[in-house]
Amino acid sequence: MPARLSISFDNALKDTAKAVDGLIGQLLPANRDNRLVTAMRYAALAQGKRLRPFFVVAGAGLFGVAEAQALRVGAALELLHCYSLVHDDLPAMDNDMLRRGRPTLHVAFDEATAILAGDSLQTLAFAVLADPATHDDAGVRCALVAELAAASGHAGMAGGQMRDIEAETRNFSSVAEIAAMQSMKTGALFRFACEAGAIMAGADRAPLRQYADHIGLAFQIADDILDVESDAATLGKATQKDQERGKATFVDLMGLDGARTEAQRLADAAIAALAVYGDRAELLRAAARFMISRRK
């Protein structure tokens, strides 16, 4: 049995987070004389679950991809994810004051620094993917860059955020509309995370794409439930923002019980998509269960 299957999901998640944090620290060495680098480190090294890098590493493990290479892809994805959080928190966007239990970057520094730090985290992500240390095949590196660009741009994360902003004046009227928006805003990066290992191995991505589509939506439904049931101190970020802006959520349209039922259905479907991998996918099965049971 491969070593990673012998450890628990919790430990695997913590190990990945520790490794990714260490790698990001190497990619962004501390420099107190450089305000931009200090701000980038503030955003990228804040305490976080590192779920997306975990999916990269766990997915890569299915195909025997070297963990050191998978961690570089995971770190690149986390850098890009952190950039998105920095920009989402800006006054022109969500105007949030709290992120991962600390003042948001534009509060801790200033708005201009936050914009530049976000820009720099995004570009660093692609520099990491393009580096030969990530994979010795230039074609694979190009594929990773292209896929992450698609997942984060107008047809993915950024486009989903635009739809979310538009919902403040034209509210969602159906679960399908919310699901379509979240498939872009949140789901696109999860899809990249889950498929990256298959890209690196030149393997079939279809089962992992099915898995990713299900867990991405389950994650967002669970997030909507936590937004109602939890508080800022527990989550480390503001709660009930959509309600304050008059935007409908999964909970609004499905009710709490309906949302829980749908999240469970999606987690079950995600687990079913992994059947082709047998016992090798046990960590990914545990991750699907975690997505709907997490408390923050």
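Roughly how many nanometres apart are two label points built 7 Å out from the Cα toward the Cβ at ALA206 and MET93?
My value for the distance between the label points is 3.6 nm.
Measure off 7 Å from each Cα along the Cα-to-Cβ vector at ILE115 and ASN31, then give the distance between these two points in nanometres to one decimal.
Here the modelled spin labels are 2.2 nm apart.
Between ALA68 and SER8, what is the label-point separation in nm under the 7 Å Cα-to-beta-carbon projection?
According to this spin-label approximation, the distance is 3.0 nm.
Taking +1 at the Cβ of each Lys and Arg and -1 at the Cβ of each Asp and Glu, which of ALA286, LEU124, PHE172 sits farthest along the dipole of the chain towards its positive end, judged by Cα position relative to the Cα centre?
Going by the Cα projections, it comes out as ALA286.
Quick one: how many lysine pairs does the chain have with C-alpha atoms less than 16 Å apart and a gap of 8 or more or different chains? Give me the count, please.
Lysine pairs meeting the criterion: 8.
D for the chain, whole µm²/s, Stokes-Einstein with Kirkwood Rh over alpha-carbon pairs at 4 °C and 1.567 mPa s: what number?
It diffuses with D of about 67 µm²/s by this estimate.
Expected output is a single nm value to one decimal: the length gained when fully extending between ALA108 and ILE165, i.e. 0.36 nm times separation in residues minus the C-alpha distance. What is it?
18.1 nm
Got a sec? What order do LYS185, LYS14, LYS49 fall in by accessible area at 1.4 Å, biggest, i.e. largest, first?
The most accessible residue leads, giving LYS14, LYS49, LYS185.
Taking the Cα centroid of the stretch 260-296 and of the stretch 68-121, what is the distance between the two, rounded to the nearest whole Å?
28 Å
Mean Kyte-Doolittle of at least -1.0 and a Cα length of 24 Å or more along the axis: which whole DSSP H helices of the chain meet both?
9-27, 67-88, 111-130, 206-229, 250-273
Averaged per residue, what accessible surface does the stretch 46-199 expose to a 1.4 Å probe, in Å²?
36 Å²
The values are calculated or read from the model by the stated rules, or taken from the named source; none is laboratory data. Bear in mind that the values here come from a model prediction, so they are computed numbers and not experimental data. Using ideal geometry, Cβ is built from the backbone for each residue, glycine included, and neighbour counts are taken over all protein chains shown. Each accessible area value is taken on the protein alone, full model and side chains, heavy atoms only, with ligands, DNA and RNA left out. Shrake-Rupley method; radii C 1.70, N 1.55, O 1.52, S 1.80 Å.
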